[in-house]
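This report refers to the structure that appears directly beneath it.
The values are calculated or read from the model by the stated rules, or taken from the named source; none is laboratory data. Everything quoted here is computed from the prediction, not taken from an experiment. Note: ideal-geometry Cβ built from the backbone for every residue, glycine included; neighbour counts use all protein chains shown. Surface areas here come from the heavy atoms of the whole protein model, side chains and all, with no ligands, DNA or RNA. Shrake-Rupley method; radii C 1.70, N 1.55, O 1.52, S 1.80 Å.
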Amino acid sequence: MHAMTSLTRRGLLKSGGALMVSFALGAALPKRTIAQSAAAPDVDSFLAIHADGSVTIYTSKVDIGTGLATAFRQTAAEELGIPVERFNVIEGDTATTPNHGGTGGSSGIPRGAADIRRAAATARQALLDLGSKQLNRPAADLTISAGEVHPAADGKGIAVAALIGGKRFSLKVDPQAPLRDPAAYTVVGKPILRADVPAKCTGRHPYLQDLTVPGMLHGRVVRPASMGARLLSVDESSVRAIPGVRVVRVESFLGVVAKDEWAAIRAARELKATWSEWSGLPGSAGFERTLRESPVERDQVVVNRGDANAPKPLSATYYWPFQSHASLAPSCAVADCKESGTTVWSASQNPFGLRGNLAKVFGIPQEKIHVIYLDGSGSYGSNGNDDAAADALLLSRAAGQPVRMQWMREDEHGWDPKGPAQLLDIRGAIDAEGNITAWETQMWLPGGPQGDRALVGPESAGLAQGHGQNAGAMTLNTDPPYATANLRVVAHSLKDTPLRLSNLRAPGKIANVFAVEGFTDELAVAAGMDAAAFRRRLLADPRAIAVLDRALAMIEWQPRPSPNPKPAAGNLHVGRGIAYMRYKQAENYVAMAMEVAVDRATGKVTVRRVACAHDCGLIVNPDGLRNQVEGNIVQTLSRTLHEEVTFDRSRVTSVDWASYPVLTFPEAPAIEVALIDHPDQPSYGAGEAASAPVAAALANAIFDATGVRLRTVPFTPARVKAALA
């Protein structure tokens, strides 16, 4: 049977008013009822100790492949004195977990783990008090280990489960609760293996894309050829030969649903629709000029120190293009909208934020929407996951059944929100001794209003929503980490952006460090100095000097000016480069050295070795941290060598792996990582920091090999060959 559901915006919103929550808290998982407090400061919001001695951690932070859940288990286990293998983590469930923020900005450890640590420390004090009463011993004489409260010296103890198992603590988190001394840690700092990896490596891990629910239909959305086109007409008869297909139209939102996924895919491809023409994009060719010439919404003076008018005879311009998240599997969501309630399963990095946005867009009280996080294929920033959730909700509402909505590859590359393009002009000066006497950075960024990002499906459906263009803290690391008396940094945020913006891993910082560290290398060349020695003498922080020295030692750096006086090695030219930064000028210290080979005939760049020294303070899990650093390096090499979103006047044209290539396995270099542990210092997240110096170190190494400075990403063979000509 075929049917076409056509709704007006008014009709869609009217039907949305009947949505009600469809679950009883803890009904599906009885253990969850213990941590149901809506107030995040309650210990019971974060932790539940069960009668069998196991412990559940509840958090709105989600593990998108970073090992965050393992770090949470270690943090709580250390404070509670309960074996780490007894811990389980429930993440990103708006009915069950406290809302202590979404996942992003490398905040999982310094904020998420810190919240859990304080809750666990408060719980430990309560357990010691309970044990004191049961054992008739002063609490000060007791300790907790192996899940048992017992005298620190000797004597009989009592299991934690016997004291509190299955019961609430009914306590507020005490921000002053004493924390365990890092010198006595037995769990934090150890390479505890991640429980999720074996199943992921053997194809048994359940991803969101694998989820099925009873009565579920498969959905696809039909996108126009032009991004701003309006739907004029639909010929439903064009898919009449495909069994079980329903066509859904809400103004210019057009989709199909079917019991069979292949039927939905066929219908989306074969459905004939007429769209209006639209050509409102400027095109990606020469977009750096568009950035410079576009109207400015606001100017932000990021740093202003000393004499802004000090002479700056040296100058350079650096450009970073729009980039996609390029998730290996397209975004997916499942929505179940029915009269008795609504549930949305999503891989969003911010389930509570998604719930709030869906509530506003669809006119539903947010407490009546249940969002459940399930692992997706990776995002590192807001890719199309939230959009897919809105698409699924639109289709499920119209169909009256649960709908699994999975984007196609052209949807993911073409319609996901992008990491912004950036243009940076830098001017500077050095004196006869090689000191930086003046520095100025002027940067241009696509912009727009702050607030929630518009969702693609609701926009087509004509639903009122915010049109925020927040892409993260884009202006950080625009100033050099080196001593200079005269410094000025100004960011020009433009009034508009041709493509929706999003926070893509280390938003802004990779391009900023690319420019700052590239120009620092240019100053070193102008001074006739070794690039590493030039930097080192302008650093005062011992931790900064330590990571720089460590990276240099690992790469076996031999002091000399660049470029390499003897680069030739057969048909290749070989060089080395260095880059340093402190992430956000306040967090991780990272130094990175590279060795590259450049084929002058073809322009191909081969990264042979990468040496990275990384200091994030206290290390929670060295194995997980090393994985993060390596992943940052590999992904950013891909972004630097290959990735650029291209678009014409109507649409994004880089919509597949041929037009938007990524790093291949044979291109992955040898990577050596040195982790510098500071147990007495705060612990910072590592999901982003090591990505920031990658492009700069690579560009500096290419210059050392060839004597040519690349200031525009990506470093494709065609671009490199043209620069060498």
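Amide H contacts of SER683 (H built 1.01 Å from N, in plane; Pro and chain starts excluded): LEU618 sit under 5 Å, all sequence-distant by 5 or more or on other chains. For PRO417, neighbours were defined as the other residues whose beta-carbon sits under 10 Å from its Cβ, and their charges (Lys and Arg +1, Asp and Glu -1) total 0.
Sorting LEU476, LEU455 by accessible area puts them as LEU476, LEU455; the probe is 1.4 Å, largest comes first, and only protein heavy atoms count. The distance between label points at VAL197 and LYS721 comes to 4.0 nm (points 7 Å beyond Cα on the Cα→Cβ vector). Annotation: LYS368 carries an accessible surface of approximately 70 Å², with a 1.4 Å probe and no ligand, DNA or RNA atoms counted. The GluC sites (Glu not before Pro) of segment 522-624 that DSSP puts in a loop, and whose beta carbon has at most 13 other beta carbons within 10 Å, are GLU556.
The lysines whose alpha-carbon is closer than 22 Å to the alpha-carbon of LYS133, local same-chain residues fewer than 8 away aside, are LYS156, LYS167, LYS172.
Could you list the trypsin sites (Lys or Arg not before Pro) in segment 635-687 that lie in coil according to DSSP, counting only those with at most 16 other Cβ atoms within 10 Å of their Cβ?
In loop regions of segment 635-687 (DSSP not H, G, I, E or B), the sparsely surrounded trypsin sites (Lys or Arg not before Pro) are ARG649.
Each part reduced to its alpha carbon centroid, segment 555-592 and segment 86-105 end up 40 Å apart.
Could you rank the peptides 75-83, 246-254 by their average count of other C-beta atoms within 10 Å per residue, with the highest value first?
Details: 75-83: 24.4, 246-254: 22.6.
The packing order, highest mean first, is 75-83, 246-254.
Sequentially through segment 473-480, phi angles give Karplus couplings (6.51, -1.76, 1.60; θ = phi - 60°) of 7, 6, 9, 6, 6, 8, 10, x Hz, Gly and Pro residues having no value and appearing as x. Working ranking of peptides 538-545, 142-149 by packing, defined as the average number of other Cβ atoms within 10 Å per residue, highest first, is 142-149, 538-545. Under a Cβ-Cβ cut-off of 9 Å, what is the net charge of the residues other than ALA473 that fall near it, where Lys and Arg count +1 and Asp and Glu count -1? For residues surrounding ALA473, the net value is +2. Summarising the label geometry, the points placed 7 Å from Cα in the beta-carbon direction at ALA152 and ASP260 lie 7.1 nm from one another. Here the Karplus curve 6.51 cos²θ - 1.76 cosθ + 1.60, taken at θ = phi - 60°, turns the phi angles of segment 164-170 into couplings of 9, x, x, 10, 7, 7, 6 Hz, with x standing for Gly and Pro.
Leaving ligands, DNA and RNA out of it, report the carbon-plus-sulfur percent of the accessible area of the chain at a 1.4 Å probe. C and S fraction of accessible area: 52 percent.
So how far, in whole Å, is the C-alpha centre of segment 137-160 from the one of segment 435-488? One Cα centre to the other: 53 Å. Across CYS337, CYS201, the residue with the most accessible area heads the list, and the full order at a 1.4 Å probe is CYS201, CYS337. Close amide H pairs (under 5 Å, H built 1.01 Å from N) link LEU501 with LYS418, residues at least 5 positions away or on another chain.
Accessible area per residue of the chain at 1.4 Å probe, in Å²? Don't skip to the end; give the middle numbers.
On the way: 27710 Å² over 725 residues.
Each residue of the chain exposes 38 Å² on average to a 1.4 Å probe.
At the residue level, LEU193 shows approximately 130 square angstrom of accessible surface with a 1.4 angstrom probe and all protein chains present.
What is the calculated FRET efficiency for ASP648 to ASP680, with r their C-beta to C-beta distance and R₀ = 56 Å, to the nearest 0.05? About 0.55, to the nearest 0.05.
As a test of reading the structure, rank ASP386, ASP299 by solvent-accessible area (1.4 Å probe, protein chains only), most first.
Details: ASP386 40, ASP299 100 Å².
Correct descending sequence by accessible area is ASP299, ASP386.
Taking K and R as +1 and D and E as -1, what net charge do the other residues with C-beta under 15 Å from the C-beta of LYS156 add up to?
Working: positive: LYS133, ARG137; negative: ASP141, GLU148, ASP154.
Counting the neighbours of LYS156, the net charge comes to -1.
A probe of 1.4 angstrom, applied to the heavy atoms of all protein chains, finds HIS218 with accessible area near 30 square angstrom. Ranked by the mean number of other Cβ atoms within 10 Å per residue, highest first, peptides 458-464, 283-289 order as 458-464, 283-289. Based on the Stokes-Einstein relation at 37 °C and a viscosity of 0.692 mPa s, and on the Kirkwood radius from alpha carbon pairs, segment 34-160 is assigned a translational diffusion coefficient of 220 µm²/s.
Which residues among segment 65-90 fall inside the zone where the amide N is under 17 Å from a point 7 Å beyond the Cα of LEU171, along Cα→Cβ? Counting backbone N atoms under 17 Å from the label point, the list is 76-82. Ordering PRO178, PHE665, ALA121 by the projection of their Cα atoms onto the charge dipole of the chain, which places +1 on the Cβ of Lys and Arg and -1 on the Cβ of Asp and Glu, puts PHE665 at the extreme positive end.
Note on SER237 and GLU433: the model spin-label points, each 7 Å out from Cα along the C-beta direction, lie 8.7 nm apart. Between ALA421 and PHE322, the built amide H atoms are under 5 Å apart, and every one of these is 5 or more places off in sequence or on another chain. Across segment 385-401, rounded Karplus estimates of 3J(HN,Hα) from the backbone phi angles (6.51 cos²θ - 1.76 cosθ + 1.60, θ = phi - 60°) give 4, 5, 5, 4, 5, 5, 4, 4, 5, 4, 5, 5, 4, 6, 7, x, 9 Hz, Gly and Pro being marked x. Reducing segment 513-528 and segment 164-179 to their Cα centroids gives an inter-centroid distance of 52 Å. Across the options GLY215, ALA225, VAL247, the greatest Cα extent toward the positive end of the charge dipole of segment 190-288 (unit charges at beta carbon of Lys, Arg, Asp, Glu) belongs to GLY215.
For the chain, the Kirkwood estimate of the hydrodynamic radius, built from every pair of different alpha carbons, is 27.5 Å.
Sorting the Cα pairs of segment 508-724 by distance into bins of 10 Å, from 0 upward, gives 9, 35, 35, 16, 4, 0 percent per bin.
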